[in-house]
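The values are calculated or read from the model by the stated rules, or taken from the named source; none is laboratory data. Please read these numbers as outputs of a predicted model, since none were measured by experiment. In this analysis, Cβ positions are derived from the backbone assuming ideal geometry, glycine residues included, and neighbour counts consider all displayed protein chains.
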Amino acid sequence: MRMDIVATREGQPAILVDYMETLELIERLHRLLLDVIKDEFERLGILQINAVQGLLLFNIGGNEVTAGELRSRGYYQGSNVSYNLKKLVELGYMHHERCRADRRAVRVRLTESGMAIRGVVADLMQRHAERLTSGALDADDGLTGTNRSLRRLERFWTEQIRYIY
C-alpha cells in the first residue's frame with residue numbers, strides 16, 4: 001500500500017498526513033541522491049562501482065572502521081553491507097584486515113583508489129551546495145530548519161526503539 005494513499009484518506013489528522021509525506025520524501029530523496037551519484041559516475045566513465053558503493057566510500061572517508069560500525073555510525077543504510085565491502089575490496093577501493101583485539105572483526109579503510117572515488121563524490125556534493133546557495137534553496141531557512149526537524153524525528157524513532165511505549 002502506498003503511503004500517499006493512506007495519508008490522503010478523508011478524516012485523517014493533519015499530522016498523520018504530514019508524517020506520511022515526510023516518510024515518503026525521505027525515502028524518495030535517498031533514492032534520488034543515489035541516482036545523482038550514478039549519473040556523475042556514468043558521466044565520468046566510472047562504471048565498475050555503483051552509487052551505493054560510492055556513497056559508502058564517501059561516508060567512510062579517512063576513517064578505519066569495522067563492518068558493524070558502518071551502520072552504527074550512519075555510513076551505510078542498506079542491508080547487504082558485506083557484499084558491497086567484499087566487492088570494494090576485490091576492486092581495490094578498500095583495504096581490509098582482521099582486528100588484532102577481536103580476530104572475528106574485520107577493519108576496513110580506503111585505498112588510494114577509494115580516496116579518489118571519495119573525492120569525486122565530495123566534489124559533486126560541493127558543487128551542489130554551491131548551487132543551492134545561489135537561489136535553489138536558502139541554507140539558513142531551508143536546510144537548517146529541515147535538519148533540525150529531521151534530527152528531532154531521528155531522536156523520536158530512537159526512543160521508540162529503546163523504550164517501547
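Miscellaneous remarks
- Qualifying residue in the stretch 51-58 (condition: touching a strand residue (DSSP E or B) at 6+ places or on another chain (Cβ under 8 Å) and at pLDDT 95 or above): yes
- Evaluating Thr111 against the criteria (1) surrounded by 13 or more Cβ atoms within 10 Å (Cβ to Cβ); (2) of a type in the set (Val, Ile, Thr); (3) over 22 Å from Glu40 (Cα atoms) leaves one unmet condition, (3).
The rows are residues; the columns are (1) of a type in the set (S, T, N, Q); (2) part of a helix (DSSP H, G or I); (3) under 19 Å from the mean Cα position of the chain (by Cα).
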residue	(1), (2), (3)
Arg31	no, yes, yes
Lys38	no, yes, yes
Glu42	no, yes, no
Phe58	no, yes, yes
Tyr76	no, no, yes
Gly92	no, no, no
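- Qualifying residue in the stretch 66-88 (condition: closer than 25 Å to Asn147 by Cα and in contact with a Phe, Trp or Tyr (Cβ under 8 Å, 6 or more places away or on another chain)): yes
- Index of the failed condition, Thr133 passing every other in (1) exposed (fewer than 12 other Cβ atoms within 10 Å of the Cβ); (2) at pLDDT below 85: (1)
- Note on the stretch 94-118: residues that are at pLDDT 90 or above and more than 16 Å from the chain's Cα centre (by Cα) total 11.
- The number of residues in the stretch 67-108 that are surrounded by 16 or more Cβ atoms within 10 Å (Cβ to Cβ), in contact with a Lys or Arg (Cβ under 9 Å, 6 or more places away or on another chain) and either among the polar types (S, T, N, Q) or more than 26 Å from Glu154 (Cβ to Cβ) (or both) comes to 4.
- Residue list for the stretch 5-21, filter: surrounded by 11 or more Cβ atoms within 10 Å (Cβ to Cβ) and either in contact with a Ser or Thr (Cβ under 8 Å, 6 or more places away or on another chain) or at pLDDT below 90 (or both): Val6, Ala7, Thr8, Gln12, Val17
- Thr66 of a type in the set (Val, Ile, Thr), in contact (Cβ under 8 Å) with a residue 12 or more places away in the chain and more than 30 Å from Glu97 (Cβ to Cβ): no
- Enumeration of residues in the stretch 86-114 that are of a type outside the set (D, E, K, R) and free of Cβ contacts under 8 Å to residues at least 24 places away in the same chain: Val89, Gly92, His95, His96, Ala101, Thr111, Ser113
- Taking (1) modelled with pLDDT of 85 or more; (2) more than 23 Å from Gln48 (Cα to Cα); (3) of a type in the set (Gly, Ala, Ser) in turn, Gly74 satisfies each apart from (1).
- Leu153 being at pLDDT below 90 and surrounded by 12 or more Cβ atoms within 10 Å (Cβ to Cβ): no
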